[in-house]
Structures are given as C-alpha cells and as structure tokens.
2 protein chains.
Amino acid sequence: MKKQLFFAVFILLSLTLLFQNISADEGMYPISEIDKLDLQAKGLEISPSEIYDPEGLSLIYAIVQVGATGSFVSPEGLIITNHHVAYSSVQAASTKEKDYIKHGFLARNRFEEIPAKGRTARITESYKDVSAEVLNAVKVGMDYAQMTKAVEKKIKEIVAEAEKRNPGKRAEVAEMFRGKTYVLFLYTYLKDIRLVYVPPRSVGEFGGDVDNWMWPRHTGDFSFLRAYVAPDGTPAEYSPENIPFRPKRYLKVDPEGVNEGDFVFLLGYPGRTYRHRTSHFWAFEEEVRMPWVVDWYAWQIDVMEKIGNDDREIALKHLSRIKGLSNTLKNYRGKLKGMNRLDLVNRKRREEEALQRFIGEDTARQAKYKDILEQIGQIFEERRGQAEYELILEYLRRSVNMVNFGYTVYEAAVELQKDDLERESAYMDRNFPRTKERLLMTLKNYYEPTDRKIFREILRRASRLPEKYHIPALDRIIKKDDPERAFDGFIEKAYSSTDLHLESVLEGALKMSLPELKKMKDPFIELAEALYPTYQKLKEAQKARRGALGHLHGQLIDVKKQFLQKEFIPDANRTLRLTFGRIRGYKPADAVCYRPITTLDGVIEKTTGQEPFDTPSQLLELFKTKDYGHFSHPDLKSVPVCILYDADTTGGNSGSPVLNARGELVGVNFDRAWEATINDYAWNESYSRSIAVDIRYVLWVTQKFGNVAYLLEEMDVLNKL
Amino acid sequence: MKKQLFFAVFILLSLTLLFQNISADEGMYPISEIDKLDLQAKGLEISPSEIYDPEGLSLIYAIVQVGATGSFVSPEGLIITNHHVAYSSVQAASTKEKDYIKHGFLARNRFEEIPAKGRTARITESYKDVSAEVLNAVKVGMDYAQMTKAVEKKIKEIVAEAEKRNPGKRAEVAEMFRGKTYVLFLYTYLKDIRLVYVPPRSVGEFGGDVDNWMWPRHTGDFSFLRAYVAPDGTPAEYSPENIPFRPKRYLKVDPEGVNEGDFVFLLGYPGRTYRHRTSHFWAFEEEVRMPWVVDWYAWQIDVMEKIGNDDREIALKHLSRIKGLSNTLKNYRGKLKGMNRLDLVNRKRREEEALQRFIGEDTARQAKYKDILEQIGQIFEERRGQAEYELILEYLRRSVNMVNFGYTVYEAAVELQKDDLERESAYMDRNFPRTKERLLMTLKNYYEPTDRKIFREILRRASRLPEKYHIPALDRIIKKDDPERAFDGFIEKAYSSTDLHLESVLEGALKMSLPELKKMKDPFIELAEALYPTYQKLKEAQKARRGALGHLHGQLIDVKKQFLQKEFIPDANRTLRLTFGRIRGYKPADAVCYRPITTLDGVIEKTTGQEPFDTPSQLLELFKTKDYGHFSHPDLKSVPVCILYDADTTGGNSGSPVLNARGELVGVNFDRAWEATINDYAWNESYSRSIAVDIRYVLWVTQKFGNVAYLLEEMDVLNKL
C-alpha cells in the first residue's frame, strides 16, 4: 500500500508538471540569446551565466565541433561524441587485419591512441555582430548576383582580418537572419584528434539502418576521442610529441542519469533549419526536390546493393556510402510523411495570408512590403521550372566519383591562379588541405563498375532534359538519334583511358596548373573543362537568386516582427546553440505510447544474432549474470540505454551533450524520432523528440564491456558511485 | 485543477485495481465448471446462474455456433458475429454485378435478406458426461488402432441414439480430456441463415492482412445475420415461407460500452488448444510441423500472387484462399516467435522433469506411471522420422484442388457402400450434404494454372522423399532418372483430359458408384484409386498413434492431478466455453505500451486511400463533421473502435460476445494480439490479449454509416441513448 501511495504521489506530481506546461519550446537559441530566456523557471538549477558568460569561464568552452558536436569530459582533452560522428575516422584507420568498425577500438593507454583521420575540433571562443560591416558592402546599383559576391568578399575579408589579429584561431562569419544579421565567431581550432575508445559496431550502431530515426532505440552510439596540441599548448597537426589539450572547461559526468520528467538542456552545433523560409520553399522541397532526391538515392542504393551481393569486399566499399544515402533517404521520407500529416505547407500559407492582410492594413507598410511574398514566390516558380536541370548538374558531380575527381582537379587549377581571398571557399589556403583530404577519402571506396552505372543513369536522365536545358558539354556524348548507345561508347572509352582514380595521379593532378592538366589528356578533366562554363553560369544564377532571396528575407523578417510583436531566433546554421526540454515520451499512433527510457532488456529483446541486431556475446553474458554494477535503474531494474526528450534539435546536434538541471552530463544526443524529422521545418510539441544514449549505458559499456575503467577514473565517476 | 484531481483519483483507482491483481486467469471454462468459479469476486455483478443454469433459462441460449461464434441480439433471431466469420457466405452471394464484399450488404427489410450460403447455426441445449459409456467400448486385448476405432464407433452410436431420442436436434460427443472424458452435447441446429447487414470490406476488413493478429486495431469486424425456422418453429432448410427464429434468450446491448479496467467475460466455441500436450508435441510443432507449413504456405501465396499480378479477375479467385493461408501463416510465425521468446518447450520440459521426480518418489506411482512420458516421447520420435512423408500426403490432397476433387469423389463412392455408422464422418448422411457443399465452393475459385503449379511443387517434394517413404501411386509419375520432366508430362496429360473441374461433372461424380467412376477414366479419379491404399495405411497408423496417445494422456492427467493437487480444465475442443478478464493494455516491447481502446481517429491516421487502408469517403465525412451521435467516448473524444482484454481465447472465439459485468453486450471478439498467438500452448499474463470490435463502433457504423437505424431499434438500443 505504501508503494501505491508513492506511485499516486509520483503521478500527481507528473500531472502537475504536465499541466503547468513548462516543457520544451521551439528553439535552438544562439548563445547570445541565453540570458533572455528564463531558464531557471523552466527547471535549470544553476545560473544561466554558468552556461554562457561573455566575461567568464562557462560551460560552452566544454563544447566542441568535431564534424557534428562533442564535449570535453576531462581536464586531459578527453572528448565524448557519437559512434557515428567518429565513424569515418574509425573506418579510415581500419584495415583488413584491424577492423575497428567490427571489433571496436580501445587504447589501453595514451600511447595506443591513434589519429582520427579527417577529424578536427573547434571550440567557440567569442562572437561579435558584424552585420553593419557586411551589409555596408552592398552598394546601390548592384544587381543581386553582385550583391551576393560583395557580401561573400566582405565576409572573407573580415575572416582574414580576424585570423590575422588572433593568430592560431579560426574565424567564421555566420549568416544568422538571412540577408540581415551576420556574426563573426572565433574558434580555437585543434587538428590533432585521436581515437581513445570506440565500441564495436554491434553496440555503437546496434539496430543500424532499421532502427535509424526510430524510437524505441537501443544504440550505444558513443565514442571517446582526445584532442592534442603542440607541447607549447598551441594547435598543431599530428605529432608524436604533442600533448593532451587542456580545455578551459570540461563537463562533469552524473552517473545517476535522469528520469522521466527531468529538465535537460543541450549545447551543440545544429546544422540547418528552414523555419523562417516561406511556403514556396517548403512546397518546393516537398513537391520537387525531396521526391527527386528520394528517388535518386533509392536507385543508387539499389544498384550498390545488387553489385555488393556478389562480393563481400565490394559490399564493404559501398558500406559507408550506402549508410549516408540511407540516412538521408529515411530522413526525407520521414519529412515528406510528416509535412503531409501536419499539413505544414498549408499552415505556412495561412500564416502568410495573415501577414499579407497585416501588410495591407497600413499604407506605409503596404508600400514597403506588399510584393515581398509574391516576389519570393516568383523565384521559386522559376526554380521549379529548371529544377530537374539543376539537380542533374548537382548530382552529376556529387554522385559520379570520376566526374567529381576531374572537376575538382580542374576547378582547383582555375581557382589557385587567383588571390586567396578571391577563390571559392574550398580552394582557399585555409580550407584546401581538408578539401584534398576528403577527396582522397572518397577515392578509398571508389569502385569502377558502380561509378559507371551511376554515370550512365545520370546521362540517361540528362538526355531527357528539354532542349532549352541541354548541357553543351554533353552534346557530343548524348546523340539525339540513339542517346543510350552513344553514351555507352563514351563511358567505355573514358573509364578505360583515365588514370585519375589512382591515388598518386589524383594527388599529383591536384597540384597542377591548367596547362599541365591539359597535357594529361584525361577524359574526365576534359569533360570538366567542357562543363566548366555551364557550372559557372549556374553558379552565377544561383548567386543572383541567393542575393534576391537574402534581400527579400531581410525585409520579410522585419515585417514579421512588426506583425507578431515578438523577437525570433534565427534558423540553425552550424553555430553554437542551446536547446532545452524534458525527458518525455510521446504517442506515435492511436493507442500506442512510447516511454522515454529504454533498457538493456530491450537490447536483448531485439537481438537476433543477425546484423544489425547482433549483440556481442560478452554483453549477453553481462546481461545473463545481471552484472549491472552501479548502473541499474532503480525502477526499471535494468541498465538504461537510451533517453528521449522534447528539446529542439537537428542534424549537427549529433554528439551534443545532454545536461541535467545542474549542467552535468547525462547523455549524448545522436538522433531524432521518425516523426521529428520535420524539426527542420517546424518543431511540434506532440512529435518533436530527440534521442540520446544514456550516460549509464555509456559508463556501463565502457567499464563492464570495454574494460576501460581508467576512462571512468579520468571522468571522475568512480568516486561518485 | 479540478481536472488534475479527477485524473489523480482516476489513476489511484486504476492502481488499486492493478495491485489487487483481480485480473484474468488462464482458462476456457466448460459451462459445467462455471459454478466452481467465484466470478462475482472477479467482478461479475450478476449471479453466475444467469450465465448458465442447468435447470433454467440462461445466457448460453443466446450463444450460437455459426462456423465460429455468434450471439442473438434480438427476439427475432438477429445474430451478431464477425465480418470474417460471415465472409465466405458474403463472397458466395456476390456476383460481378453485386460485389457485397466490396460494397457491403444491406437488407432494408426482412424481404431483402438473402441466404448466407454454407452457414448453419447451433445452440447448445444440454450436455451429459458419457465417459464411462465411451471408454467401456475399449476391451482388453485391443491394439491401439482398434481402441481408436472402438471409441469412434461408440461415439457414433451414442450420437445416433441421442438424435433419435431428440428429433430435430443435433448431437455431438466431444473428447474433453484426451482418452479420459467424453461429453455428449445436444444442439438446436438451424439451417436457414440469412444476411442482414454486412459493412463493406473497407470497414469490416480494414487493415486486412497487414493488421491481422495485431494491436492497435481499427477493424469494424462485425456482421448481422438472422436465423430462420419453418413456420411451425422447427429447424428447416431455406424456404421463403420460413419465419425468424425466436431464441430462448438474446443478449441485451449496452451502448455505453466499457472502459479500461472493466470486467468482461466471453462465451463462445474456441477451437483447439494444446496446453495439456507434452513437450514432445510442442517441440514437434515448433521444430517440424509449423516451419514446414510456414514454408509451404508462403510458397503457395507467392505463386498465387505472381499469377494474380497479371489479371485482376484471377487475383479475385485467389483472394479468399490467400486470405486463409496468410492468416495461418502469420499465426504460425507469431507462435514460433512466442514459443522461442518465452522458451515454452523448455518450460514444459522442466514441468515434466518435476512430474517425473514426483512419480519416482513413490513405488506404486512409479510402477503405474514411470514410462508414460518416455512412451509419448517415442511416439513423437517416430512421427518426426516420417513427418515430411505425412505432410506431403496431407497437403497433396489439401493443396491440390484436382487431387482433392478426385479423392473425395473416390472416397465417397467407397464410403457410401457402407452402413451409415461405419462411414468416415464426412460421408455420414448427417454430414455429406455439407461436405459436398464445401467441395463445390472450392470449385468456384478453382484456377487451373495455379493448381498445376502447386501439384508440380508437391510432386517435386515427393520425389525427394527417401526410398523408404516412396508413394507407390506416384512411382509411375516420378521417374527416378528424370523426375521433373516425368511429372511435367503427367500433369499436362492429366489436366488436359479431366472434366472433374466442371461443376456438373463433379456433382454427378459425387453420386456415382465405384464401377461408374471407373468408367469415367478420369486421371484424377484413377490417381485417387492408386493413392487410396497409401492413405488407408496412413490413416490406420494415425489411428494407432491416436489410440496410444489417448491412452497415455489419460494416465498422464491422473498423475498430474495427484502431483499438482488441483483440478484442470480441458483443452478447447469447439464446445461452449466461458472466459473472463479485464479491459487491459500491454507492453509489446521495451519502452512501448499499448492502450486498450482504439478510436476513430486511429482509423483516419491509418487511412492511405489504398487497400487495405481505404476508408470509405462517407465515413471520412462523418469523421470530419464529428457526427458521432451518442457513441463518442467521454475521455477519448472519439468513437471507440476496438477494445483489448486479457481473457483467454483462441480461434473459434471469433464472433464471441464480449459481455460486461451485467452480462450485456459491449463488443464482438475477432482476433488476438500477435503475442497472443501462443495462447494455443500457454496463456501468458503479459502477452495474452484478445481483440473485439467495440459495441460503440458497431452501433455507430450501423446507424450513421450504414443508415440501418431499424437494427438499433430491434436491439432496443435507441431508448437507452
């Protein structure tokens, strides 16, 4: 009866919380906005200035951009992030003999840590509004393309100037409100990142693509990395002499974890949201772009799976690419379903109609803002007309590896002739090394028969474009009378005569001048040269479009503020943001409810022995003997595995620390629920739920399964148990 | 705040119920056992004698066996049962022009009611234990096959005698405990059943095979039929002069329905359970028979779907057969999963080990019971050895229509030579008309190319049987050197020369003597003749097996009673049973919970416009305008559609009335949850849940969608609203 009473009180309290409605709210708040939020009323138990204090030492110094997000969890530069964030580095470090994806990676001491290839880490140090400076570059009389270029150039100058004034730091200017506000961020930029502990795929990726974007989830999606710097403490490329980086702040870990209803907040680098875009953009995404990409990715995955069926080694080459495509595919399908279910485009239209009525109510307003929405609509009308053309050009380079290699080599030679500040960003001195590195990583998984098939399909699609959108460079490949045979001939000739897929040749070509490239007579470099004017023309058109939309959106946000009489926060843009909420389940369908904490029992339930549900036998053994150490949940009587909360996240928040009311680490964010893929357009109280691996699972796996007790010691967890 | 308090009180009450643990229990109780149950302590508010009273008028007279179960809901013989129970009659009444499956059937008055082909109705009138009489037929010195035959013969005699003494009634002897107890049931047997109101497939079968065996469910699986009798009140075949049957009792309908936690009970005719079988049988089912059938049914469905892809009309011919196969397939898959998950066979083995230890503790017991389990084990060892052979013989007749036609015709001619009581049950005078009717209904959906393919595959499988199990009749068809070509030749010749697929020929053949049949020179009748000795031999062996198992199980139940010191209830056997429980959700997986009441909102959520999720537009309209009449659930704010409860049911309980604590109709049982397919082996408190269509949905669809208000009047519902 005592138990009953306890439950009743517990439920009364939960209900009270429910009706007070102090749950999450839409919003990925820039750190500059944190002080405007009454976070303590929402549940925060520490001072907001402990999260961010422009004058002092705060939690944000523990947050690190490592592709997506990570956080420091020890004074010795130990970083926790997701398994899937570290994935490409783990794959790059793996060989046939040492398959770290399959078996996991464990450094038993610092000397055994190995470089996390392609990985860098940025820590936000400071920010400054540079909107006036940026917008001053726009002069009367410029057309839209000129406006875009002027803004781009000014930003590069601001960045160069900032990096000159702050040696060793990296600067970035982020567009916050489109065409309206710009913020200069200064980052500490670390380049020597190493692998410390990565669980095997069967834990870190448990459930694979089947469970991806899904709740209930049972994935131990975490990895430990470590950042190193030169012996003098300055950022440096990898060297055995380097020493662990000592962050200004690191997160305390709470091994007790959280419970349903608890307040949590996240810090991280969410990628892109589109909430301030108009219905025209949303409808374009829903009706045109996403369906096209869904179709194209599904086709590619199908081709790669069929080719991989015959040969495990080839299948492994395709693995990471299929993983990436599937991830986007499932995300887009979720978005398309959610946009339809919630009728998002029409809701947006109704908002815009209300705004338009508001504009019409006042003559001055009308004069200034009357045509904004219509003009944006016209831009998207045009964009729809040539969408197929643009998409084919985009994916000709993105999906066909050889075209990508040829084009990058050619474009690099063109760009490197220019002054650094005049170049396309990828070819600027500060970025070109990473551009090259990424290209060479693509090469690792190159498989010619697949590339031929994909190239052929893109050519087939290009051959069906209306005459008005023909691509001159392809005219000699696609013969009107018998297009398919014609490009079969070209493909055979091109692939059998190129050497650009050889690492040494590709590396060499990336250093060549235009005349040197010409001498190579490589068919893909020649194709790139022929395509170059088309891509330039397209880029010019896109810059004009971007200029126009930036200009129009700048005005739109002005009048929206007048209309709604409130401040907004800008869409996510890979800058540091805070979001908060509570541990909370949801109702995915009639008569179904999801609880917000999963357990080890659920891992066992899902285990089939077959990938991706092939739990390691050692972990099964720990379950059997109930060897849960200190990490069993008192009510659930099992080790919590994942947690769910209604904070507002998007891609890029992967690896974000989930922090409790006292700012201690209780989870590592790694995904959203299927229904929350629509977060990019709109946050929804009923469906927007994000997923983290529970700190108790992280610690349990690390201690009991990985036998990496020293990490728990380093995180100062042992004495809290 | 008032609302909060209300919720808290509500939850406290729910918790109280939870901890009192007065929920369901394993058991499909024969009506003779009802008085031993303290049903009022479980929640029943009426006297148990109102459910069954051997001396008086009780609820059981409202329960009717119509294939599965139905119940009378008006004094005018109105029956409510499932859509899927009435399905075959609705299909048989449909033509291309009048597709009652698609559009539903509605009789606006009695004159528009049409015969429900193949449908009969039985009402349990009385029962009597005849165990002694039956078992007396077994004499010392008989072998096991002789024992089986003696029992079968005695039962036929008892039945014949009973039917003679009770003109117009139908008698059946049911084996309750195997080899131990036998009960004679007397039934009122009605043969003129008509269709009254059948909703369209898009309501009555909403969710189709996708949702079958699943919760949450949104299927309006109900139909109304009416029973007719001769003007003098005696059972009669269809005649326009017949008048509605006036049942001794009919159910009152409670339009208020039930809520979570409410007590409910069901009456019905559950088919078969296997709880008293041993681990040997369970393991045989899990490891041998069910996997074979799953494979075979999946193969057949695949073939039929492929053939149907090209031609809608052929697809329609396959529809009902695919439906049947899929239903079993999904059920078996659920069972296999559940048996594995709950480790049922090993649990049973542990029980048997404990029993064996108990037997060993006492010399007298040991002498009597020591070898029982071992002997049963040996029988199943043998059965495993020839399982493939037996399964092929079984499905040669069951799956190949032409073999079935040929064999039935041939066997009928053999059997009809004998005295009625000596015949196989299907050919006794009292059963032969239905046997013929069923055969002719099979013929309706016969499609030769499918039948050829299935025959070919069975022959292919037969050709791979070990020499020891060769089937002599097939020796000339399956040539050792080139088996496949050999039976291709046979198939071509047989199908192109038979006429047995013509209705008139088949009907004619069913009346012929053996010499007349021989003259037909039909290849399938000739095949039947050649197969006959093999089937006879198999039947003999099976009777011996049945005799042995009956004998052993009779002893087993004796010693089990001594061991467990309690009474058991017999396995389900198509006789009238009561089961009870509460409206209750469950947890199908970690972090997922299912609520026990679904709503119209869920129908809309699932609606895609594509079969099987194609809600009729008129119903969508009613949802849009929230035209819920009196049937909206006060908390859920929508029309309840299906309810879930932890009573103990199995196949045959389809159509069973779900009754509230006052014995009023609140739902019509139609399915179990996926996890409850294991009910046939073991009831499980966590997973055993059954599904009914909620009476509120039945009434709402009937009134608002079907516009059949007169049925609500007839059920005396209107004045309760």
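The values are calculated or read from the model by the stated rules, or taken from the named source; none is laboratory data. Here the structure is a predicted model, which means the values were calculated and not measured. Because the Cβ atoms are built from the backbone with ideal geometry, glycine has one as well, and the counts that use them run over all protein chains shown. Side chains are part of the model used for accessible areas, which takes the heavy atoms of the whole protein and leaves out ligands, DNA and RNA. Shrake-Rupley method; radii C 1.70, N 1.55, O 1.52, S 1.80 Å.
Identify, from the list B:567, B:605, the residue that is of a type in the set (Asp, Glu) and in contact with a helix residue (DSSP H, G or I) (Cβ under 8 Å, 6 or more places away or on another chain).
Working: B:605 fails: in contact with a helix residue (DSSP H, G or I) (Cβ under 8 Å, 6 or more places away or on another chain).
Within the list B:567, B:605, the selection yields B:567.
Of everything in the stretch B:583-592 that is open to solvent by 20 Å² or more (accessible area, probe 1.4 Å) and part of a strand (DSSP E or B), the residue that is nearest to the other protein chains (Cβ to nearest Cβ) is B:589. Only a single item in (1) of a type outside the set (Ser, Thr, Tyr); (2) under 32 Å from the mean Cα position of the chain (by Cα); (3) surrounded by fewer than 17 Cβ atoms within 10 Å (Cβ to Cβ); (4) in a helix (DSSP H, G or I) is not met by residue A:511, and it is number (4). Considering the stretch B:105-131, the residues that are out of contact with any Phe, Trp or Tyr (no Cβ under 9 Å at 6 or more places or on another chain) and among the hydrophobic types (A, V, I, L, M, F, W, C) include one that is farthest from residue B:173 (Cα to Cα), namely B:111. Within the stretch A:308-326, residues that are without any contact (Cβ under 8 Å) to a residue 60 or more places away in the chain sit with their Cβ atoms under 6 Å from residues that are among the aromatic types (Phe, Trp, Tyr) and in a helix (DSSP H, G or I), at 6+ positions apart or across chains, in these pairs: A:325/A:297. Only one of the numbered conditions (1) assigned to a helix (DSSP H, G or I); (2) touching a Phe, Trp or Tyr at 6+ places or on another chain (Cβ under 6 Å); (3) closer than 26 Å to residue A:278 by Cβ is violated by residue A:652, and that is (1).
Here is a yes/no grid of residues against (1) free of Cβ contacts under 8 Å to residues at least 60 places away in the same chain; (2) closer than 20 Å to residue B:657 by Cα; (3) surrounded by fewer than 23 Cβ atoms within 10 Å (Cβ to Cβ); (4) among the polar types (S, T, N, Q):
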{"site": "B:62", "(1), (2), (3), (4)": "no, yes, no, no"}
{"site": "B:71", "(1), (2), (3), (4)": "no, yes, no, yes"}
{"site": "B:74", "(1), (2), (3), (4)": "no, yes, yes, yes"}
{"site": "B:86", "(1), (2), (3), (4)": "no, yes, no, no"}
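Before we move on, is residue B:150 assigned to a helix (DSSP H, G or I) and open to solvent by less than 50 Å² (accessible area, probe 1.4 Å)? Yes.
Search the stretch A:339-383 for residues being of a type in the set (A, V, I, L, M, F, W, C) and farther than 19 Å from residue A:558 by Cβ, and hand back the single one that is nearest to the chain's Cα centre (by Cα).
This residue is A:339.
Within the bounds of the stretch A:365-387, is there any residue that is aliphatic (A, V, I, L, M) and open to solvent by 20 Å² or more (accessible area, probe 1.4 Å)? Yes: one or more hits.
Considering the stretch B:593-643, and only residues there that are on the phi > 0 side of the Ramachandran plot and away from every other protein chain (no Cβ under 14 Å), the residue that is least open to solvent (accessible area, probe 1.4 Å) turns out to be B:629. When the residues of the stretch A:420-475 are filtered to those that are within 20 Å of residue A:490 (Cα to Cα) and of a type in the set (Val, Ile, Thr), the one that is farthest from the chain's Cα centre (by Cα) is A:471. Residues of the stretch B:408-449 that are open to solvent by 40 Å² or more (accessible area, probe 1.4 Å), outside any helix (DSSP H, G or I) and either closer than 27 Å to residue B:533 by Cβ or in contact with a Pro (Cβ under 6 Å, 6 or more places away or on another chain) (or both): B:417, B:418, B:419, B:424, B:429. If I filter the stretch A:564-579 down to residues being open to solvent by 10 Å² or more (accessible area, probe 1.4 Å) and assigned to a loop (DSSP other than H, G, I, E, B), which single residue comes out as farthest from residue A:354 (Cα to Cα)? Per the stated criteria, the residue is A:574. Annotation: residue A:122 fulfils all but one of (1) under 26 Å from the mean Cα position of the chain (by Cα); (2) open to solvent by less than 30 Å² (accessible area, probe 1.4 Å); (3) at pLDDT 95 or above; the unmet one is (2).
Just one residue in the set A:225, A:184, A:266 is more than 14 Å from every other protein chain (Cβ to nearest Cβ), over 30 Å from residue B:592 (Cα atoms), among the hydrophobic types (A, V, I, L, M, F, W, C) and in contact with a Ser or Thr (Cβ under 8 Å, 6 or more places away or on another chain); that residue is A:225. Taking residue A:689, is it touching a strand residue (DSSP E or B) at 6+ places or on another chain (Cβ under 7 Å), farther than 30 Å from residue A:348 by Cα, within 14 Å of chain B (Cβ to nearest Cβ) and of a type in the set (D, E, K, R)? It is false that residue A:689 is touching a strand residue (DSSP E or B) at 6+ places or on another chain (Cβ under 7 Å), farther than 30 Å from residue A:348 by Cα, within 14 Å of chain B (Cβ to nearest Cβ) and of a type in the set (D, E, K, R).
Give the residues of the stretch B:655-666 that are on the phi > 0 side of the Ramachandran plot and in a strand (DSSP E or B), sorted by residue number.
Within the stretch B:655-666, the subset on the phi > 0 side of the Ramachandran plot is B:655, B:663.
Matches in the stretch B:655-666: none.
Does residue A:613 count as modelled with pLDDT of 95 or more, among the hydrophobic types (A, V, I, L, M, F, W, C) and assigned to a loop (DSSP other than H, G, I, E, B)? It is true that residue A:613 is modelled with pLDDT of 95 or more, among the hydrophobic types (A, V, I, L, M, F, W, C) and assigned to a loop (DSSP other than H, G, I, E, B). Among the candidates B:97, B:133, B:50, B:125, the residue that is in a loop (DSSP other than H, G, I, E, B) and of a type outside the set (Gly, Ala, Ser) is uniquely B:97.
Is there a residue being assigned to a loop (DSSP other than H, G, I, E, B) and of a type in the set (Phe, Trp, Tyr) anywhere in the stretch B:285-301? So that I can check it myself, show each step before the final result.
First pass over the stretch B:285-301, keeping only residues assigned to a loop (DSSP other than H, G, I, E, B): none.
No, the stretch B:285-301 has no match at all.
Has the stretch A:97-107 got at least one residue that is at pLDDT below 95, open to solvent by 50 Å² or more (accessible area, probe 1.4 Å) and within 14 Å of chain B (Cβ to nearest Cβ)? The answer is no; no qualifying residue exists.
Of the residues making up the stretch A:270-281, those that are open to solvent by less than 20 Å² (accessible area, probe 1.4 Å) and under 20 Å from the mean Cα position of the chain (by Cα) are A:270, A:271, A:273.
Please verify whether the stretch B:320-335 includes one or more residues that are more than 29 Å from residue B:687 (Cβ to Cβ), in a helix (DSSP H, G or I) and touching a helix residue (DSSP H, G or I) at 6+ places or on another chain (Cβ under 9 Å). Taking every residue of the stretch B:320-335 in turn, at least one turns out to be more than 29 Å from residue B:687 (Cβ to Cβ), in a helix (DSSP H, G or I) and touching a helix residue (DSSP H, G or I) at 6+ places or on another chain (Cβ under 9 Å). Restricting attention to the stretch A:704-721, the residues that are open to solvent by less than 40 Å² (accessible area, probe 1.4 Å), of a type outside the set (A, V, I, L, M) and more than 21 Å from residue A:659 (Cα to Cα) add up to 2. Could you list, in sequence order, all residues of the stretch A:100-122 that are closer than 29 Å to residue A:161 by Cα and part of a loop (DSSP other than H, G, I, E, B)? Selection gives A:118, A:119, A:120.
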